[in-house]
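The values are calculated or read from the model by the stated rules, or taken from the named source; none is laboratory data. Because the structure is predicted, anything quoted here is derived from the model rather than measured. Here the Cβ positions follow ideal geometry from the backbone for every residue, glycine too, while neighbour counts run over all protein chains shown.
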Amino acid sequence: MDTIDCLFVVPSVHRIQEMRATTCHLLWKLTQRAVAAVPE
């Protein structure tokens, strides 16, 4: 991997699971929007 597309920095060890869940949810929503925008 030559480049990093996204980098998420979590400010606290105690927030890692919360940040992971939020990030996964956001990426899923963005994926759904991208797929819905593609014409068939």
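Some observations on this one:
- In segment 9-40, the residues that are loosely packed, with under 10 Cβ neighbours inside 10 Å and either in contact (Cβ under 8 Å) with a residue 12 or more places away in the chain or among the acidic types (D, E) (or both): E40
- Being under 13 Å from the mean Cα position of the chain (by Cα), at pLDDT 80 or above and in a helix (DSSP H, G or I) is a property that A21 has.
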